[in-house]
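Read through the structure below, which is laid out as structure tokens, and then see the notes.
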Amino acid sequence: MASSDTLFGRILSGEIPCQEVYADDLSLAFRDVNPQAPVHVLVIPREPIAQLGEATAEHQALLGHLLLVAAKVARLEGLESWRTVINSGAGAGQTVFHLHLHVIGGRPLAWPPG
Ligand code: AMP
């Protein structure tokens with residue numbers, strides 16, 4: 001389980017500001033500070049789970065909720081096509097150890113990604 005003392009924990013507590021896009025009781029969505037596309041939003045749970053690989057069956061409903069929030073964010077941002085990415089672990093590029101979904105869109109997205 002993650003500590004709440006991560007960068008995103010500090011955003012959740014209000015210690016570090018963010019550009020909020022959506023919030024509810026379970027999650028927060030805000031703009032990535034280093035966007036990789038015209039729309040790049042991060043969706044995080046309020047519960048500090050370090051990475052997807054550490055989620056358990058008790059997180060099943062929360063994980064489903066986060067996917068629905070990602071789709072809501074895409075709608076709010078007017079995206080027809082978009083991608084969501086979850087980096088789980090440092091070797092996959094995860095740099096902040098508080099679970100987050102990237103919602104990326106607003107430009108053509110090649111597959112497979114680089
Ligand atoms: P990851 O590499 O999957 O762990 O993604 C972490 C993301 O957090 C990166 O895309 C960063 O650009 C983003 N990021 C880092 N600091 C901030 C911040 N203060 N506000 C918003 N996004 C941030």
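Residue check: ASN34 meets all listed conditions (1) within 13 Å of the ligand (Cβ to nearest atom); (2) over 18 Å from GLY9 (Cβ atoms); (3) surrounded by 12 or more Cβ atoms within 10 Å (Cβ to Cβ) but one, namely (3). Close Cβ contacts (under 9 Å, 6 or more residues apart or on different chains) running from residues in segment 34-55 that are closer than 30 Å to PRO108 by Cβ to residues that are at pLDDT below 95 and in a loop (DSSP other than H, G, I, E, B) comprise GLN51/ALA2. Report whether or not VAL43 is more than 9 Å from the ligand (Cβ to nearest atom) and part of a strand (DSSP E or B). When the stated conditions are applied, VAL43 passes them. Identify all residues within segment 85-100 that are touching a Leu at 6+ places or on another chain (Cβ under 7 Å) and touching a residue at least 40 places away in the same chain (Cβ under 8 Å); write none if there are none. Selection gives VAL96, LEU99, HIS100. Within segment 18-29, the set of residues being touching a residue at least 24 places away in the same chain (Cβ under 8 Å) and open to solvent by less than 40 Å² (accessible area, probe 1.4 Å) comprises VAL21, ASP24, SER27, ALA29. When residues in segment 5-31 are screened for being outside any loop (DSSP other than H, G, I, E, B) and within 12 Å of the ligand (Cβ to nearest atom), 12 of them pass. Looking at PRO48, is it within 16 Å of the ligand (Cβ to nearest atom) and open to solvent by 90 Å² or more (accessible area, probe 1.4 Å)? The answer is no for PRO48. In segment 58-90, the residue that is farthest from the ligand (Cβ to nearest atom) out of those that are farther than 22 Å from SER4 by Cα and open to solvent by 70 Å² or more (accessible area, probe 1.4 Å) is GLU80. Contact annotation: residue pairs with Cβ atoms under 8 Å, 6 or more positions apart or on different chains, pairing a residue in segment 2-17 that is open to solvent by 50 Å² or more (accessible area, probe 1.4 Å) with a partner that is more than 12 Å from the ligand (Cβ to nearest atom) and at pLDDT below 95, are SER13/SER4.
The values are calculated or read from the model by the stated rules, or taken from the named source; none is laboratory data. Here the structure is a predicted model, which is why all the values come from computation and not from measurement. Please note: Cβ atoms are built from the backbone with ideal geometry, for glycine as well, and neighbour counts cover all protein chains shown. Note: accessible area is taken over every heavy atom of the protein model, side chains too, but ligands, DNA and RNA are not part of it. Shrake-Rupley method; radii C 1.70, N 1.55, O 1.52, S 1.80 Å.
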